[in-house]
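This is the structure I have questions about; it appears just below.
Derivation of every value follows stated rules applied to the coordinates shown; laboratory data play no part. Worth saying up front: this structure is predicted, and the values here are computed from it rather than measured. Backbone-built Cβ (ideal geometry, glycine too); neighbour counts: all protein chains shown.
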């Protein structure tokens, strides 16, 4: 019975948004946002019911084959601690951003006055469904399908403003991730040739060599979607998207696709050859250092955030790498960090969007004294920045702590791994200092001209901020309690 | 009535319609008469073809007639399905398209009559290709398709159209002549080996006798056949005529040329591939297909990206997709063969759709130059949605039809150990995606030119396109059981296994089909 409910719920969370997307294209423009929000609410409710359903069930994990040909499962769902939590997070944040968009994409916007076109809501709601699909999928084919769908959606959304620059950026994102997807395409073939099935859990039964090849193939796809070296270029360019889109790309969709796929694959791979761990860890460290140096020259808040996302994702990969070296804590920390970072980064971007909306700029040099003029935005900014920087008691601290604790545990005895952990640790401290600097610049003091002339904040945005601030504080406790 | 008689009727229907139209005077007879004859013809073809296909697939036995000259097996059925279904849909689309051209003055009453006459003759020649069992007849009918379509390509009688038609006939006849050479080599060899030399022209007896053939001779003959019939299919190195001819033809004809005709040439190649595999073993024929396939894919992908003309882009994409079909044949194995056949079907529908839509755009904008087309979404919203779906499908995105053979091709390639070829294929695909997404963002979105009237085209034009889109989504989400069954039986023929359930019993794929019977709705990728 409970499996039935979970499956139906997952189907609703995936298929309903996809259908709504098609439907929106055919409906009058005014109905688009209402339809999107309604579908978002239903999908979020479905993911929450699934979460409760699994919590109430005595099983650790439930598996359902959805589409099988003979004995081979082509598409199926897996409900376990990771998937139910991430799905609720990705879909729920999608809903919050949809609500925010209603306040953002209108003529009152000082940076981009615009009426929302149907295309936006159609692509966005499909994106939400595809994210649920990625997370619940238990087969590589299923992942591949939704992986590609997220590619289309991000392409439509990044290019939304339709000028030369945004078209180029959208294409860059699509093509770079498509080249990465090649890894996943080949992995599908490789797994099928080696094990005669598409199920992710079959990876555990492969020989060490096959397993290493397969995991590295999937890792390439994950790097591309999660904007790691050598594929990172698309993410900073994708900043030309409307800010709600950037928020979703960074917080709970595009870049999270890679880590979510990686988490699923590693969790089911059994004992993993160390070479995979080395590849993951070295890749993560390179990206980490690179993105930190890219922080320094950034003046545009959104570009700074882009590089911050890249480095935060590297922490997750770092945790995955140390999981291969034997630390379960690092893995849990990474999964927790996916969850926590989603709320904090979404909040941060939406705040940046609110700056653009009310003040017409998001350039740091022109933003001063925000706390006095727009207290809610100021508090949101502080909470988000501290959470990203990893200051207790905000959520980012706990997950980063778990990653590093786990890394030290796994690295003890190997000086090279220890060195990597120490370098990463120094990076977090530097990142912390850098964010503190901007908090000190933006929040206190007399408002600058732009800030003083700010328009009032739309109510829908205020509502979303309150919800996100609360979650940025508490999400770590939810995740820790759930993952145990 | 004997079912083999129906095959004669199937061939006779478009021929009769065409001859009738040819004898009617163009000026004194109402255009309605031509349209009515045309409609009756394409509808009858669908009904007869449908009945024959069902008979072949149900019975599991091929049908032949006229002393074995005409022959329909499961392999041919897949292609008869394509011809009849797309003949109907593009035929339907032709009605409004031609009326529009007549009204706009780009054609006169004479060309109007010519169009329908040759359209039906074209269908007849394609049916002849796929139904013939006589290898000389295969060559003749391939040549016949060229002669007939040359007049369709040149319909508009503009300088460019005539040049394209000329290039088409010169390159194709030269190329297909290689095919004749290959055909004759095989015939000569068979005539020595077979007891009854009269049997040496029949494909069915050639396949049986193939193991006794001279290996060296068959190697040469196969390369000639692939290059020769590959010319017609648009494969490297003789693909140069295709972008011109397919882009200058009236849009519904482009749809048939790209969607169906090149697939018919593929069928002929497959028939020779079967003989070659039986005579030489799979290694050599597969190597040939791999080389020609991958070169076609790479060259065509670059051309798709750099071309500025919508219809040329689509035409080059056909070259790329035929290259993929060749690659799948090169990967071999039941999965590769099935992928090749499915790719023919899926690409047929998708490309026909896109060429019809290019017709919509021509009617609306009067140009094919992508630099001058923008804002389709404002000018013709329904067309824009159909076009976006079509371009996504051509780029191989799920859940649309072409994603399935694409994944199968990747799996087949990797299982066969050709990882590098698969990587090149994937990169070429990324290039194709880039090219088509630029079309969407520049031409479908952006701002429309001021002077254009913002009104979509009529129901009669959009309806066949909507049907094609529905088919593309349907085949992508829930592939119908009969189609899969047909492809499986066809794969068994290509593999030359007596076992119809070749996919069911393959060591790699047997788990797929372990449940025995397929139920229609559970094949979903």
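At a temperature of 10 °C and a viscosity of 1.306 mPa s, determine how fast the stretch A:232-342 diffuses translationally according to Stokes-Einstein, using the Kirkwood radius over alpha-carbon pairs as Rh; express D in µm²/s, rounded to the nearest whole number.
110 µm²/s
Counting each DSSP H run of 4 or more residues in chain A as -39500 (n - 2.57), what helix-only mean residue ellipticity at 222 nm follows after dividing by all residues, to the nearest 500 deg cm²/dmol?
My calculation for chain A gives -25500 deg cm²/dmol from helical runs alone.
If you don't mind, there's one more thing I want to ask. Hey, with R₀ at 30 Å, roughly what FRET efficiency would residue B:66 and residue B:177 work out to, going by the Cβ-Cβ distance, to 0.05?
0.65
If you average the alpha carbon positions of the stretch A:3-21 and of the stretch B:59-111, how far apart do those two centres end up, in angstrom?
One Cα centre to the other: 41 Å.
At a 10 Å Cβ-Cβ cut-off, how would you order A:250, B:38, fewest neighbours first?
B:38, A:250
Here's a follow-up. Roughly how far apart, in whole Å, are the Cα centres of the stretch B:366-442 and the stretch B:183-259?
If you average the Cα positions of each part, the centres end up 30 Å apart.
Can you give me the angle between helix B:403-415 and the longest principal axis of chain B, using Cα atoms only, in degrees from 0 to 90, rounded to the nearest 10?
Approximately 40 degrees, to the nearest ten.
Right, next: Between residue B:470 and residue B:378, 0.36 nm times their residue separation minus their Cα-Cα distance comes to what?
Here the segment from residue B:470 to residue B:378 would lengthen by 30.8 nm.
Which of B:447, B:167, A:211 has the fewest other C-beta atoms within 10 Å, and how do the rest follow up to the most?
B:447, B:167, A:211
So what's the back-of-envelope 222 nm ellipticity for chain B, counting only DSSP H runs of four-plus at -39500 (n - 2.57) apiece and dividing by all residues, rounded to 500?
When only DSSP H runs of four or more count, the value is -25000 deg cm²/dmol.
Shifting gears a bit: Any idea what Rg and Dmax come out to for the stretch A:371-429 if you just take the C-alpha atoms, in Å?
Over the stretch A:371-429's Cα set, Rg and Dmax evaluate to 15.6, 53 Å.
So what is the relative contact order for chain A, in percent, with contacts set as C-alpha pairs under 8 Å and at least six apart?
Across chain A, relative contact order equals 14 percent.
By average Cβ neighbour count within 10 Å, what is the ranking of B:41-54, A:223-236 from highest down?
A:223-236, B:41-54
If you average over every viewing direction, what projected area does the convex hull of the Cα atoms of the stretch B:26-177 give, in nm²?
Answer in nm², one decimal: 10.0.
Can you give the convex hull volume of the alpha carbon atoms of the stretch A:118-276 per residue, in Å³?
90 Å³
Could you calculate the FRET efficiency of residue A:483 with residue A:430 from 1/(1 + (r/R0)^6), where r is the beta carbon distance between them and R0 is 35 Å, rounded to 0.05?
About 0.75, to the nearest 0.05.
Sticking with this structure for a sec: Quick one: if you take sqrt(5λ) for each eigenvalue of the C-alpha gyration tensor of the stretch A:53-180, what semi-axes come out, biggest first, whole angstrom?
Calculated on Cα positions only, the semi-axes equal 33, 19, 10 Å.
Please compute the modelled spin-label separation between residue B:291 and residue B:58, points set 7 Å along Cα→Cβ, answer in nm with one decimal.
4.7 nm
Over all alpha-carbon pairs in the stretch A:21-76, figure out the percentage whose distance exceeds 15 Å.
Summing the P(r) tail past 15 Å for the stretch A:21-76 gives 68 percent.
Evaluate the Kirkwood expression for the hydrodynamic radius of the protein assembly as shown, namely the inverse of the mean inverse distance over all pairs of different C-alpha atoms, and round to one decimal in Å.
It works out to 29.9 Å.
Would you mind listing how long the stretch B:160-274 runs along its three principal axes, going by Cα atoms, in whole Å with the largest first?
Answer, in whole Å and largest first: 51, 21, 21 Å.
Pull out a ≥ b ≥ c, the square roots of the eigenvalues of the alpha-carbon gyration tensor of the stretch A:1-270, then state rounded if a/c is under 1.5, prolate if not and a/b is larger than b/c, and oblate in the remaining case.
Verdict is oblate for the stretch A:1-270.
Need the C-alpha centroid separation for the stretch B:466-484 versus the stretch A:57-133, integer Å.
When both Cα centres are located, 26 Å separates them.
Still on this structure: One quarter of the convex hull surface, Cα atoms only: what value does that give for the stretch A:273-484 in nm²?
Mean projected area of the Cα convex hull: 11.1 nm².
In Å, what Kirkwood hydrodynamic radius results for chain B from the alpha-carbon pair distances?
23.0 Å
Do me a favour and compute the ellipsoid semi-axes for the stretch B:307-367 from its Cα gyration tensor, root of five times each eigenvalue, largest one first, whole Å.
So the three semi-axes of the stretch B:307-367 are 29, 12, 4 Å.
Given all pairs of different Cα atoms, what value in angstroms does the Kirkwood hydrodynamic radius of chain A take?
The answer is 22.2 Å.
Arranged by the count of other C-beta atoms within 10 angstrom, fewest first, what order do B:367, A:472 take?
Ranking B:367, A:472 by Cβ neighbours within 10 Å, fewest first, gives B:367, A:472.
Rank-order A:380-391, B:261-272 by packing density, defined as the average count of other C-beta atoms within 10 Å over each peptide's residues, highest first.
Most protected by this proxy first, the peptides run B:261-272, A:380-391.
Could the peptides A:142-153, A:447-458 be put in order, highest first, of the mean number of other beta-carbon atoms found within 10 Å of their residues?
A:142-153, A:447-458
What does the convex hull of the alpha-carbon atoms of the stretch A:138-218 project to on average, in nm²?
Seen from a random direction, the Cα hull of the stretch A:138-218 projects 5.1 nm² on average.
Calculated FRET efficiency, residue B:29 and residue B:147, Cβ-Cβ r, R0 25 Å, to nearest 0.05?
0.50
Next question, about the same structure. Work out how much length residue B:497 to residue B:455 would gain on full extension: take 0.36 nm times their residue separation and subtract the Cα-Cα distance, in nm to one decimal.
Here the segment from residue B:497 to residue B:455 would lengthen by 9.6 nm.
Could you calculate the contour length gain from residue A:41 to residue A:405, that is, 0.36 nm times the residue separation minus the distance between their Cα atoms, to one decimal place in nm?
Fully extending the segment from residue A:41 to residue A:405 adds 127.3 nm.
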